[in-house]
Every structure is written in C-alpha cells, then in structure tokens.
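J.: Quick one: structure below, then a few questions.
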Amino acid sequence: MRGFLLLGALLALTSPAAAATPKVLAIHFAPDLEVNPVTQGWVNHQLQRAIDGHYAAAVIVLDTPGGLSTSMRKIYQKELASKIPVIVYVAPDGARAGSAGLWIAEAADVLAMAPQTNIGASTPIGIGGGDLDKDLRKKAINDAAASVVALAKSHGRDPTFPERAVRQADSIPAPDALQQHVIDVIAPTLPALLQKLDGFKTKPKGFVLHLSGSKIVNAKPGFFTRLLNTLIDPNILSLLFLAGIAGIGFEIFHPGVVLPGALGAVSLVTALYGFSVLPVSWAGVALIALAVALLVIDLHVTSHGALTVAGLICLAVGSIMLFQNAPAPYHQSRALIIGFAAGLGALWVFAMTKALQVRRRPVEMDPHRIAGALGEVRRDGLVFVNGELWQARSAHGEQLHPGDRVRVEGFDGLILTVHPEGT
C-alpha cells in the first residue's frame, strides 16, 4: 500500500514536467525580403524573443536571394551567440538560401532543407552588380570563403561546397547537399523536421534536441517591418528626400499653409532614416540640395532659365550619385531619375512662364474702371461690386438697405459713391 502511495506521489510531482509541451519559434524570412538592416533587426529581435521566452529552439524558415554582408554578419553572429538551439530550415519547396543566406544557414546549430530547394551562389559582387577589381575581388573572395568554411567546420559539416559556392558561385539542390554533408537533414515540413531531429546532438554547442510534437509558434514580418523594408528602396528614398525639401521650402516661403510643411517634414525624416540604413553618398545629397536652391533662386532673379538648367543637372547627377556606395540591389533606376528631372523641368518652366505672365499683366481692378458698375448693398454699409467689398455712401443721402441694387457714380479715396437702382 505504501508503495502505491509513493508511486502516486512521484507521478503527481513529475506529471507537470512531462506534460509540458516544448515550444518552438518559427521565424519566417519571407521570399520577398532581402537581408538588410530592417530584416536583420527583425530576425535578431525574434531570436532574442525566443531566448527570453524560454523556447526549446528557434527555427529560421529561410527563403532569400541574399542582401547586405553587414546585415548578414549581424544575423549569424546572433545565431552563434544564442543560448538556445537555432535551426535554419530552407523552405518551403522552391525556396533558396542564396548569397548571404549561405552564411545564415551555415551558422545554424542544425541546417535543414525542404526536398525541392537549393543553396549557394554566394560569390561577392561589386557595387554596380558586376565583378570587383582584380585585387579587391581576390581579397573579398578569400575573406568570404574563409568565414563560411570556418562556420561549416565548426558545425561538423563538409566545407568543400560552401567554399566552392563562394569562389565559383555554385549552387546545389537539397538531395545533393545532404549527400555531400552540406546540410544535416531533409524534411518536407517543419513538424516532420522536428520529428526527425528528436535526439539530435548539435555541434559545437552540444545541444541535445527533444522537439518532437513541439508547439510551433509562427512569427512573420508585420506591417511596420514590411513598410520600412519598402521605404529603403533607393528610388522611393530619393523622391521622399526631394518631397521633404520642397514641402519645407514651400512652408518657409508661404508660412501658415501648414500641410506642405508637415508632409515635407515627415518625408524628410523618412528619407533620413533610409540614409542611415543604406550607405549614402553625401556628395549626392549636397548636389540635390544645391539643385533645389538653384530652382528657388531662379524664381527671384532673371537668369533666362540658366539656373533652372543647372539645377536640373545637379538634381540628376546628385540622384545618380546618392546610392553609388550601396550594393547592387539598392541602386536607383536611371530612367526614373531622368524622367523625374525632365518632368520637374517641364513643370518648373510652366510655373515660371505663368508667373511672368501674371507679373506683366496690367492691373485689372482700377477704381476708375468700376465707375458705372452695378453692385449690391451688404451689411455695415458695404457694397459688393465686381467681386469685391467696398465701403460706400449714398450720393444724395438716401438710406441704403442690405439687398438694394446700386450703381457706382464715383469714388472718394477708397469709398465709393453710389445711388440706388431699386431693390
């Protein structure tokens, strides 16, 4: 009897622990996202969330063409420093871990792929998307190859293919990757992957995984992350920067309008955020600011359009230079820049032409020209004539009532002399 009671007590003490289902955080790196400071911040935040939330593991469900090496490095450094197992799962079918994705994958405690996926093609490329200069190319490739080989070796994987992916831009499908021990496991779905990894011991940290039947908590980029990811498009940033300067400039020259200044401030702050995220050429920023200054000055001086032409040239050259230091995915469309400059030039010429026409137009509301005009009496002795309100008095002392029709006989200073024409 005592034995049964003791067994029951032991079961009561151990059942909560046995019944506790492990949780796994699945961090979905969507295919429309590249590796950049925005996505790097989001992924690292989710990894920290998994650590702080005492998850059994974090799974980066990876599908990316690559991106910036600086952001890639911060992601895989976070993986290496993680206190819980980090699994990279290249999925779903059709996904790829291209370019920078190779380093994120190799830094994982477990590297898995869905059956119809591929990994590799990770040769460093130049700023314009082409090859680097000979010496710089050699230096960049050697450095990249050494880092990815070190990651593969430290995790007990064959470093032959990762080095080839960097030096020769090779890519490999999942079955071949498993055969060559580039990856640890192939699984069609995430639950199947967790089932296969039951009892798996990772290198070099020595985690023993017990993830079968884990509760999967999905984390996907929210609206704000996607918005910021969209806003760091160089073409959008350039337009936001110009809109910001134009809006604030309009508010300075026309104080009290408020809306252009407010929208300009929002646009400018958003553009400056993008400038802080992407490597920007400050010479390009200076040229764009100079372009705006020249266009504004041309409104107030007679240059016969010379300053406008110079401003448009500065605008086009500055916009092209703006992100010349950024990698290939973050370059601007030259067709868009030229089209925008041409459109702005046409709009500016039209606005200046209309302004000159207004300046040269003779004064239309001369008091002498309203003599004989017909008006209507309004309240407080005002008379509405030719779209304007005038102070008025009766020529012969008649009483003027609101609504009376009056004829203008003349004026005394700015006071009209009128006589009633009837109600």
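The values are calculated or read from the model by the stated rules, or taken from the named source; none is laboratory data. Bear in mind that the values here come from a model prediction, so they are computed numbers and not experimental data. All Cβ positions, even for glycine, are placed from backbone atoms using ideal geometry, and neighbour counts span all protein chains on display. Please note that ligands, DNA and RNA were not included when accessible areas were found on the heavy atoms of the full protein model with its side chains. Shrake-Rupley method; radii C 1.70, N 1.55, O 1.52, S 1.80 Å.
J.: Between ALA346 and LEU80, 0.36 nm times their residue separation minus their Cα-Cα distance comes to what? Working shown, then result.
T.: Values: separation 266, 0.36 × 266 = 95.76 nm, distance 5.52 nm.
Result: 90.2 nm gained on full extension.
J.: Round to the nearest 0.05 the FRET efficiency obtained for ILE297 and ALA371 when R0 = 51 Å and r is the Cβ-Cβ distance. Please report the intermediate quantities before stating the final value.
T.: Values: r = 43 Å, r/R0 = 0.84.
Between ILE297 and ALA371 the formula returns 0.75.
J.: May I ask you to compute the full-extension gain from GLN180 to THR230, defined as 0.36 nm times their residue separation minus their alpha-carbon distance, rounded to one decimal in nm? Could the numbers behind the result be given before it?
T.: Numbers: separation 50, 0.36 × 50 = 18.00 nm, distance 3.78 nm.
In short, 14.2 nm is gained.
J.: Using modelled amide H (1.01 Å from N, peptide plane; none on Pro or chain starts), what sits under 5 Å from the amide H of SER171, excluding residues fewer than 5 places away?
T.: ALA121
J.: Let me ask something else. What list of ³J(HN,Hα) values in whole Hz, one per residue of the range 27-36 in order, does the Karplus curve 6.51 cos²θ - 1.76 cosθ + 1.60 (θ = phi - 60°) give from phi, with Gly and Pro shown as x?
T.: 9, 8, 8, 5, x, 8, 10, 9, 7, 8
J.: Going by Cα centres, the range 219-237 and the range 247-310 are how many Å apart?
T.: 24 Å
J.: With viscosity set to 1.002 mPa s at 20 °C, what whole-number translational diffusion coefficient in µm²/s follows for the range 202-310 from Stokes-Einstein and a Kirkwood radius over Cα pairs?
T.: On the way: Rh = 17.6 Å.
Result for D is 122 µm²/s.
J.: Could you pull out every residue, at least 5 positions away or on a different chain, whose amide H is within less than 5 Å of the one on GLU409? Hs are placed 1.01 Å off N in the peptide plane, and Pro or chain starts have none.
T.: Under 5 Å from the amide H of GLU409 lie the amide H atoms of GLY372, THR417, VAL418, HIS419, each far enough along the sequence or on another chain.
J.: What accessible surface, in Å², does a 1.4 Å probe find on ARG73, ignoring ligands, DNA and RNA and rounding to the nearest 10?
T.: Near enough 90 Å² of accessible area.
J.: Given q = 0.16, 0.26 Å⁻¹, what are the Debye log10 I(q)/I(0) values for the range 29-101, with equal point scatterers placed on the Cα positions and solvent ignored?
T.: Listed by q, the Debye log ratios stand at -0.51, -1.25.
J.: With each label point set 7 Å from Cα along the Cα-Cβ vector, what nm distance links GLN324 and ASN218?
T.: So the two model labels end up 4.6 nm from each other.
J.: Between LYS139 and THR160, how high is the FRET efficiency from 1/(1 + (r/R0)^6) when r is the Cβ-Cβ distance and R₀ = 25 Å? Nearest 0.05.
T.: Details: r = 22 Å, r/R0 = 0.88.
My answer for the efficiency is 0.70.
J.: Turning to a different aspect of this structure: Note down the Stokes-Einstein diffusion coefficient of the range 132-258 in µm²/s, whole number, using a Kirkwood radius over alpha carbon pairs, 20 °C, and 1.002 mPa s. Don't skip to the answer; put the middle values down first.
T.: Values: Rh = 19.9 Å.
Once the numbers are plugged in, D ends up at 107 µm²/s.
J.: Could you compute the net charge surrounding VAL182? Neighbours are other residues with a C-beta less than 12 Å from the C-beta of VAL182; K and R count +1, D and E count -1. Intermediate results must be reported in sequence, preceding the final value.
T.: Numbers: positive: ARG157, ARG164; negative: GLU106, ASP158, GLU163, ASP170, ASP176, ASP184.
Combined, the nearby Lys, Arg, Asp and Glu give -4.
J.: Just grab the label-to-label distance for ALA289 and HIS45, each label 7 Å out from Cα along the Cβ direction, in nm (one decimal).
T.: Distance between label points: 3.1 nm.
J.: Label-point separation (nm) for GLU421 and ALA262, each offset 7 Å from Cα along Cα-to-Cβ?
T.: Rounded to a tenth, the inter-label distance reads 4.4 nm.
J.: Any chance you could look up the accessible area of THR270 with a 1.4 Å probe, heavy atoms only, rounded to 10 Å²?
T.: Rounded to the nearest 10, that gives 30 Å².
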